[in-house]
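Asker: Take this structure, written in structure tokens, and hold onto it; I'll ask about it next.
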Amino acid sequence: MNNQQYYTLVTGGSQGIGRALSMECAKRGMNLLIVALENEHLNNTVEEIKDTYNNILIHSLGIDLSKKEAAQEVFSWCKENGFEINILINNAGFGRSGWFEKIPLEMYRTMIQLNNQALFELCYHFIPMLKENKPAHIMNMSSLEAYLPTPYKAAYTATKHFVFAYSLALREEMKQFGVNVSVLCPGSTVTNEDGLKRIQSQGKKAKLVVMMPEPVAEIAITDLLNNKQIIIPGRVNKFIAFLSKRIPIRRKMRLLEKLFRSYVQEEA
């Protein structure tokens, strides 16, 4: 799929799942626009893609998407450089766990701005372009926790509920215009060496439910191009999502509170 006219734009495309998504798109011959924080991760990812896949066009923009007006700046950058996109992947985001009132309020503001506001505004700015470049796609990053209102991660879970509901609703609006909207709901994914060490120390049970970014990305891009509504990588994660809808809410919340209370206490 090598088209010299259109680009795939990936936010947060230099680390973790975002980096794997960028690599997967490059492997499939998609021209790339990678938008992420300006640091060595962005530079290294761009250079690796250039060295490995010399049949595609790739450009990058170093920017903090949690800053006000950042989404407008990304759109302006594309317009000024004549970059036409037909796939928008809103991956950028982060989460925090802990006792709700012990996390700084400013961190919550940044989380909501990045996980929700930036994603929302990027869709708003780029949808007219996507309508012109159909068939087109939007993939928004939610989480398996959209199915699981998780105590001690209340704000993060809420941001992912927003993405989930927004994406499903937007999908129905966009169908008539030839723009597919998919929502990606990965479970636990190893995104750095520290995370890998923690998983390895927890034994086989942890490995059953945890995935590496590369298979998550491969499944995500395949399902996106097949216009799948909800993308949940991994059989265990699919089962968890299925089961979560069948457990009575009161019992589910008690189980989640018990599970994540011990997790928070271990982290303290």
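Asker: Give 67/160; 160/258; 68/238; 27/134 a once-over and call out the pairs whose C-alpha atoms are over 26 Å from each other.
Answerer: Pairs exceeding the cut-off: 68/238.
Asker: What aspartates and glutamates does residue 153 reach when the alpha-carbon gap must be under 12 Å and sequence neighbours fewer than 8 apart in one chain are set aside?
Answerer: In chain and number order, the partners are 101, 145, 257.
Asker: Let me ask another. Relative contact order for the chain: what percent, with Cα pairs under 8 Å and sequence separation of 6 or more?
Answerer: Relative contact order, the chain: 18 percent.
Asker: Test of understanding: given the chain, find the longest segment containing no trypsin sites (Lys or Arg not before Pro) that are in a DSSP loop and have at most 12 other Cβ atoms within 10 Å.
Answerer: 69-244
Asker: Could you tell me what percent of the DSSP beta bridges with both partners in the chain are antiparallel, to the nearest 5?
Answerer: Within the chain, antiparallel bridges account for around 0 percent of the total.
Asker: Explain nothing, just compute: Karplus ³J(HN,Hα) = 6.51 cos²θ - 1.76 cosθ + 1.60, θ = phi - 60°, for every residue of region 37-49 in order, whole Hz, x for Gly and Pro.
Answerer: 4, 6, 7, 5, 5, 5, 4, 5, 5, 4, 5, 5, 5
Asker: Could you please report the charge total around residue 27, scoring K, R as +1 and D, E as -1 over all other residues with beta-carbon less than 15 angstrom from its beta-carbon?
Answerer: -2
Asker: Further question: Could you list the GluC sites (Glu not before Pro) in region 4-92 that lie in coil according to DSSP, counting only those with at most 16 other Cβ atoms within 10 Å of their Cβ?
Answerer: 38, 69
Asker: On the Cα set of region 6-267, report Rg and Dmax in Å, please.
Answerer: Here Rg and the maximum Cα pair distance are 18.2, 54 Å.
Asker: Tally Lys/Arg at +1 and Asp/Glu at -1 over every other residue whose Cβ is under 14 Å from the Cβ of residue 58; what's the total?
Answerer: 0
Asker: Indicate the gyration tensor shape class of region 38-81 (rounded, prolate or oblate), computed on the Cα atoms with a ≥ b ≥ c the square roots of the eigenvalues: a/c under 1.5 is rounded; otherwise a/b larger than b/c is prolate and the rest oblate.
Answerer: oblate
Values quoted throughout were computed directly from the atomic coordinates according to the rules given, and no laboratory measurement underlies them. What you see is a predicted model; the values in this text were computed from it and never measured. Ideal geometry is used to build each Cβ from the backbone, glycine not excepted, and the neighbour counts take in all protein chains shown.
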